[in-house]
Amino acid sequence: MLAMASFGPDGGIVSTAEELMRFLRAFFEGTIFPRNYLSELYVWNKIFFPLQYGKGMVKFKVPRIFSPFKPLPELIGHSGLSGAFAYYSPMNDVYLCGTVNQLSPPSLS
């Protein structure tokens, strides 16, 4: 954690999970900017299965083959370097924020 504390500002967010939840809701509910701007961010590029990367956001969608009886909802958001995550499920109108407080392994969150 000393390494994380020594990094200079890079545009990232440093917050509690509660603050991150407030930001995520404001982002997707149109408080920060109009909701119709979100469609401009939803230009997805495949990076590696099952993730797609847009303009600053990730879309995580598990293919139907892994859940044959009921489709799993897609999640849109981002995961941080230290295990923090902030995702929104438009299908269920559910917000997920938290942290595993780990630097290794990075995929843990």
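What follows draws every value from the coordinates through simple rules; no lab data is involved. This one's a predicted model, so the numbers in the text were calculated from it and none came from an experiment. Backbone-built Cβ (ideal geometry, glycine too); neighbour counts: all protein chains shown.
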Provide the net charge surrounding Leu72, with neighbours chosen by a C-beta distance below 9 Å and charges set as Lys +1, Arg +1, Asp -1, Glu -1. +2
Highest-first arrangement of 55-68, 14-27, where packing means the average Cβ count within 10 Å: 14-27, 55-68
Going by average Cβ density within 10 Å per residue, which order do the peptides 37-47, 70-80, 88-98 take, highest to lowest? 70-80, 88-98, 37-47
